[in-house]
Structure formats: C-alpha cells, structure tokens
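The values are calculated or read from the model by the stated rules, or taken from the named source; none is laboratory data. In this text the structure is predicted, and so the values were computed from the model without any measurement. Backbone-built Cβ (ideal geometry, glycine too); neighbour counts: all protein chains shown.
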C-alpha cells in the first residue's frame with residue numbers, strides 16, 4: 001500500500017480494522033513532524049483536509065457545511081478573523097442558542113499525540129465538554145510542533161504580555177470503542193481540520 005493511501009485513505013471500502021492496522025503499522029517517532037501529526041491525528045479519529053490556499057479552505061469549509069446540513073444554523077466562534085466565513089454562509093455566531101459547531105483556529109497542532117492545543121483566545125473559558133460536539137479548526141502547517149512542552153514554549157514566546165488562560169488540548173475525535181483509564185475524563189469531539197500549507 002502506498003504511503004499516500006495510508007495517510008489519506010482511498011476510495012475503496014476497506015474495513016475500519018484494516019485502516020487502524022495500517023495506521024498502527026507506522027513507527028511514528030522517526031517520521032517528520034507533519035507526517036507524524038497526520039498519522040496520530042487520524043488514528044485519534046480526526047478528519048483531515050489539506051488546503052494549498054485560502055480558496056481551498058473556503059471550499060472545504062462549504063463542503064463540511066453541506067455534508068452536515070449546517071447552512072443557516074448557529075455556530076460558536078470567538079475570533080473576529082473568522083467571522084467573514086460564517087457571514088458568507090449565513091451562519092449566526094452572535095449569541096447562538098444551540099450552536100451546531102465551533103469554528104476556531106488553534107495555538108498549535110501536537111505531532112507526538114495528534115492533538116490540538118487551544119487557549120482562551122479560541123475557546124474563552126469553556127471546558128472541552130462545554131463546547132459543541134462538532135469542531136472545525138483552521139490551522140497552518142507551520143503550527144505543527146513536536147509535543148505539548150514545545151506548544152507551551154510557543155505560547156509563551158508568542159504572547160509576551162497578554163498571556164492566554166485555559167490552555168488545553170483535545171485529543172480524541174471519536175468515541176473510544178474500548179474505554180480504558182487513558183480515556184477517563186476526556187470528551188470525544190467530531191473534529192475537522194482544514195490544514196493550510198504555509199511553509
């Protein structure tokens with residue numbers, strides 16, 4: 001099986017077990033960070049859409065809205081730079097009563113565990129369980145870092161004065177088949193990642 005098909009899947013109907021075995025076959029520690037993130041993110045159940053430019057970001061976002069029938073519904077979003085994408089698609093983000101999804105950027109993407117690092121800049125003071133079940137993230141390839149420690153260093157470097165609070169990661173993007181102590185207290189989210197190439 002080609003490397004590309006292992007990362008992004010194919011059009012055939014391979015079983016979930018086969019796909020999981022393919023992802024687990026990779027020793028991710030020796031891979032470049034972007035490949036390591038992609039494998040671990042997909043292993044956690046995340047949906048990954050690669051975008052070469054902003055036009056593709058908008059197109060993929062509209063595809064997600066269409067796939068889930070979210071047009072003209074409520075959305076949660078706290079970042080003014082993303083409001084135009086919601087307005088273009090007639091989505092209400094001002095005092096939403098029942099948001100279908102959260103649209104946000106993130107602080108970083110953590111390669112070694114395939115998780116997404118957030119702060120109060122994206123989710124205010126909400127705990128992960130208080131966020132909508134569906135999340136759409138817009139991030140760039142330059143935001144991929146090796147581990148959480150690097151993520152905390154990046155945050156410290158990026159925000160010299162107004163240091164954000166509520167720094168948290170979301171790692172599980174589908175309900176675990178076999179709950180174990182590693183999943184205890186975690187909340188699975190249906191997460192789409194629109195990853196924009198910027199390197």
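Observations
- Filter result for residue 64 (under 26 Å from residue 151 (Cβ atoms) and surrounded by fewer than 19 Cβ atoms within 10 Å (Cβ to Cβ)): yes
- Condition met for residue 58 (farther than 20 Å from residue 166 by Cα and out of contact with any strand residue (DSSP E or B) (no Cβ under 8 Å at 6 or more places or on another chain)): yes
- Of the residues examined, residue 190 is not one that is at pLDDT 90 or above and either more than 28 Å from residue 66 (Cβ to Cβ) or over 12 Å from the mean Cα position of the chain (by Cα) (or both).
- Filter result (surrounded by 13 or more Cβ atoms within 10 Å (Cβ to Cβ) and either assigned to a loop (DSSP other than H, G, I, E, B) or within 15 Å of the chain's Cα centre (by Cα) (or both)) within the stretch 156-176: 159, 164, 166, 167, 168, 169, 170, 171, 172, 173, 174, 176
- Filtering the stretch 133-146 to residues that are over 9 Å from the mean Cα position of the chain (by Cα) and buried (at least 19 other Cβ atoms within 10 Å of the Cβ) leaves 134, 143, 144, 145.
- Filtering the stretch 68-88 to residues that are modelled with pLDDT of 95 or more, touching a helix residue (DSSP H, G or I) at 6+ places or on another chain (Cβ under 7 Å) and not in a helix (DSSP H, G or I) leaves 75, 77, 78, 79.
- Here residue 104 meets each of (1) in contact with a helix residue (DSSP H, G or I) (Cβ under 9 Å, 6 or more places away or on another chain); (2) within 16 Å of residue 173 (Cα to Cα); (3) surrounded by 22 or more Cβ atoms within 10 Å (Cβ to Cβ) with one exception, condition (3).
- Looking at 20, 62, just one residue is in a helix (DSSP H, G or I) and modelled with pLDDT of 95 or more, and that residue is 62.
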